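Contents: one structure, followed by commentary.
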Amino acid sequence: MTKTVKIGKSDVTSTPLGLGTNAVGGYNLFPNLNDDDGLNIVKTGIENGITLLDTAYVYGLGHSEELVGQAIKDFDRHQLVIATKGAHDFSTGEQVIRNDPKFITQQVENSLKRLGTDYIDIYYLHFPDHDTPKAEAVGALQRLREQGKIRAIGVSNFSLDQIKEANADGYVDVVEDEFSLLHQDHGADMLPYLKENNISFVPYFPLASGLLTGKYQRDTTFPDDDIRSQIADFQEPRYGQILTAVDAIRPIAEVHDATVAQTVLAWYIKNPLISVVIPGAKKPEQVAANAKALDVKLSDAEFKQIDAAFEAFKEMKSGKSLRDPD
């Protein structure tokens, strides 16, 4: 039986593996997306034991939420955990990040309509703005929680100081940010604070643009017009260091009759500082494969072995990875 995790101080519980849906309806993020594929991605996740679906207004400017809402109609809503996020305002024709209570309150109402549900399990402030006191923004979400419109309060892409400000009244249940074996910048500061304050952590980009799936080779090259040629992870010497660390996972994966990607996801699932990991997918088959990570039970020794292989990356600052969900 798959374990469940509790989200912060709320009564929301989830499987430790969720589904990121930025490639479900996120036409402004990815080319050539197909709505039928998006619907099948969500349904495949649910059918394979995933309960948490993570979306956002900015994924397709509401279209991802609409597709998620359509997909869940065939399932028991109360068995699912729907997480969405808001902060982007395009009303002027330009992108503006807003956290002010009036705007965020309206964003929640809009998301409820697009999702076709009368409550949202987790609502995140997607990015911090420059002006709104963070506790004031979270206070608006707390009022919505008291009205039964959301069940748990989250913040995403906030610095540690901003998280502390947002949590001044103890209302924050969960933080979402980029974190992976390759990008552990938050490990020394943010994660201990979250643990001490009973705030869950949800990392995104856990497979680091596919680098942690084992699909890349040392002789792979990237032309100048490929965005990967501009990303530090894909440039030497870092690229070679990453592949060496990934090679250390392969024997462990073989023991469990699992892929490298499934083994990496199992590492997050076992990590006591992580609540739910949310890999994305562009194809239903990827979701089904990722879901099998729930069956990979790493021993303490295997967990430490993987951790040790990526020890150098705990001190290594780097740019953010690509938005590619695989």
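Expressed in units of 2.2 N^0.38 Å, where N is the residue count, the Cα radius of gyration of region 137-204 is 1.12.
Taking every Cα-Cα distance in region 213-277 and sorting them into 10 Å bins from zero, the calculated P(r) comes out as 19, 39, 32, 10, 0 percent.
Normalising by the residue count of region 5-314, find the relative contact order in percent from Cα pairs under 8 Å and 6+ residues apart. Kindly include the intermediate steps, with their values, before the conclusion.
Working: 584 pairs, mean separation 61.3, N = 310.
Normalised by residue count, the contact order of region 5-314 is 20 percent.
For the peptides 98-109, 15-26, 220-231, the ranking by mean Cβ contacts within 10 Å, running from highest to lowest, is 15-26, 98-109, 220-231.
Please pull out the direction-averaged projected area of the chain, using the convex hull of its alpha-carbon atoms, in nm² to one decimal place. If I average the Cα hull's projected area over directions, I get 16.1 nm².
Please compute one quarter of the surface area of the Cα convex hull for region 260-320 and express it in square nanometres. Write down the numbers at each step before the final one.
On the way: hull surface 20.2 nm².
One quarter of the hull surface, i.e. the mean projection, equals 5.1 nm².
Our coupling estimate for region 294-309, obtained by passing each phi through the Karplus curve with A = 6.51, B = -1.76, C = 1.60 and θ = phi - 60°, is 5, 8, 8, 9, 6, 6, 4, 5, 5, 4, 5, 5, 5, 4, 5, 5 Hz, Gly and Pro reported as x. Between region 1-55 and region 252-272, the alpha-carbon centres lie 19 Å apart. The modelled label-to-label distance between Thr13 and Leu160, using points 7 Å beyond Cα along the C-beta direction, is 3.2 nm.
Count Lys and Arg as plus one, Asp and Glu as minus one, and take only other residues whose Cβ is under 13 Å from that of Ala168; the net charge is then -2.
Across all C-alpha atoms in region 215-326, the radius of gyration and Dmax reach 14.7, 43 Å.
Can you put Ile46, Ile249 in order of Cβ neighbours within 10 angstrom, beginning with the fewest? Present the calculation step by step, with values, prior to reporting the outcome.
Values: Ile46 20, Ile249 24.
Final ranking by Cβ density, sparse to dense: Ile46, Ile249.
Beta bridges from DSSP with both residues in the chain: antiparallel share about 15 percent, rounded to the nearest 5.
Which net charge results for the neighbourhood of Asn157, defined as the other residues with beta-carbon distances under 9 angstrom from its beta-carbon, given Lys and Arg at +1 and Asp and Glu at -1? Before the final figure, lay out each step's value.
Working: positive: none; negative: Glu176, Asp177, Glu178.
The answer is -3.
Output the pairs from Lys9/Lys113; Lys6/Lys270; Lys43/Lys73; Lys283/Lys304; Lys85/Lys215; Lys43/Lys283 with a Cα-Cα distance over 20 Å in this structure; if there are none, say none. With Cα atoms farther than 20 Å apart: Lys9/Lys113; Lys283/Lys304; Lys85/Lys215. Put a dot 7 Å past the Cα of Asn198, heading toward its Cβ, do the same for Arg77, and the two dots end up 2.8 nm apart. Once backbone amide H atoms are built at 1.01 Å from N, Val81 has Leu52, Leu53 as its partners under 5 Å, excluding neighbours fewer than 5 places away on the same chain. For region 1-57, the C-alpha radius of gyration sits at 1.30 times the compact-globule guess of 2.2 N^0.38 Å, with N the residue count.
Throughout, read-outs are computed from the coordinates displayed, never taken from laboratory work. The model shown is predicted, which means the values in this text are computed figures rather than measured ones. Here the Cβ is made from the backbone with ideal geometry for all residues, glycine too, and neighbour counts use every protein chain on show.
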